[in-house]
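The values are calculated or read from the model by the stated rules, or taken from the named source; none is laboratory data. Predicted, not measured: the structure shown is a model, and the values here were computed from it. Glycine gets a Cβ as well: all are built from the backbone with ideal geometry, and neighbour counts include every protein chain shown.
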Amino acid sequence: MRQSTTRVPNTDWMDRSNASRRAIRPPGTPFQSVNPAEHLQRLRISLNEQNFDHKPTRGRRVCLYVRTLPKADPEPFFAPLRVEAARLGWQAGQEIHDSGGPQAPQQSAGWLRVRKLIHEGFADGVIAVNRFHISRDDGEYVAELRFVHERLGVTGLITPETGS
């Protein structure tokens, strides 16, 4: 009788991996998903924290951004944005207002101006009232957070995603 020459693969790592998963989440424990708004808030905070190390020597300059319905007065929105910028110790730069109502950020002239100022280094971030001023769509909102982050900027909100 001849013995097989094939090797039995070492599967010890699988046993260790399964044991650690059972220790973290025992079988029968219901999976708890993260609220999408909480996930977005955690993402924004995480991206911001990574860029706080890149604080400009002149102080952080941010755009104040508001999106309203046509003919609505943006001043009631800009006032708390100015207060928030001062509270954070950031310099409130340009106040940019879009009056097109809900639309994709890439179709919004004001938001494109915010992007341009951040991209060209004239602003170090943006503050908005809530995430819906930037975008109502989760994917578009995440794309804009990442755009600001990749240029070492920060995104501030008065009302966090979980409270929107």
| If you check every pair at least six apart or on different chains, which have Cβ atoms under 6 Å apart with a residue in region 112-131 that is among the polar types (S, T, N, Q) first and a residue that is not in a strand (DSSP E or B) second? | ASN130/THR159; ASN130/SER164
| Looking at region 130-157, which of the residues that are touching a Pro at 6+ places or on another chain (Cβ under 7 Å), surrounded by 16 or more Cβ atoms within 10 Å (Cβ to Cβ) and not acidic (Asp, Glu) is farthest from VAL114 (Cα to Cα)? | SER135
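Of all residues in region 137-164, which are of a type in the set (Val, Ile, Thr) and either free of Cβ contacts under 8 Å to residues at least 24 places away in the same chain or in contact with a helix residue (DSSP H, G or I) (Cβ under 8 Å, 6 or more places away or on another chain) (or both)? Break it down into steps so the answer makes sense when it comes.
Residues of region 137-164 that are of a type in the set (Val, Ile, Thr), as a first pass: 142, 148, 154-155, 158-159, 162.
Once the filter is applied, which keeps residues that are of a type in the set (Val, Ile, Thr) and either free of Cβ contacts under 8 Å to residues at least 24 places away in the same chain or in contact with a helix residue (DSSP H, G or I) (Cβ under 8 Å, 6 or more places away or on another chain) (or both), region 137-164 yields VAL142, VAL148, VAL154, THR155, ILE158, THR162.
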| remark: Within region 27-67, residues modelled with pLDDT under 85, under 21 Å from GLY93 (Cα atoms) and not charged (D, E, K, R) come out as ASN51, PHE52, HIS54, PRO56, THR57, GLY59
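So which of ASP124, ASP138 is of a type in the set (Asp, Glu) and touching a strand residue (DSSP E or B) at 6+ places or on another chain (Cβ under 7 Å)? Give the derivation first.
Numbers: ASP138 fails: touching a strand residue (DSSP E or B) at 6+ places or on another chain (Cβ under 7 Å).
Of the residues listed, the single one that is of a type in the set (Asp, Glu) and touching a strand residue (DSSP E or B) at 6+ places or on another chain (Cβ under 7 Å) is ASP124.
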| Residue that is farthest from the chain's Cα centre (by Cα), among those in region 68-115 that are among the basic types (Lys, Arg) and more than 20 Å from ARG146 (Cα to Cα) | LYS71
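Out of ALA79, ALA23, report the one residue that is at pLDDT 95 or above, over 15 Å from GLY153 (Cα atoms) and either hydroxyl-bearing (Ser, Thr, Tyr) or surrounded by fewer than 12 Cβ atoms within 10 Å (Cβ to Cβ) (or both).
On the way: ALA23 fails: at pLDDT 95 or above.
Answer to the check: ALA79.
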| message | Pairs please, first residue from region 39-54 and closer than 14 Å to ARG151 by Cβ, second anywhere and among the β-branched types (Val, Ile, Thr), Cβ atoms under 6 Å, 6+ apart in sequence or on different chains. | response | ASN48/VAL154; ASN51/VAL154
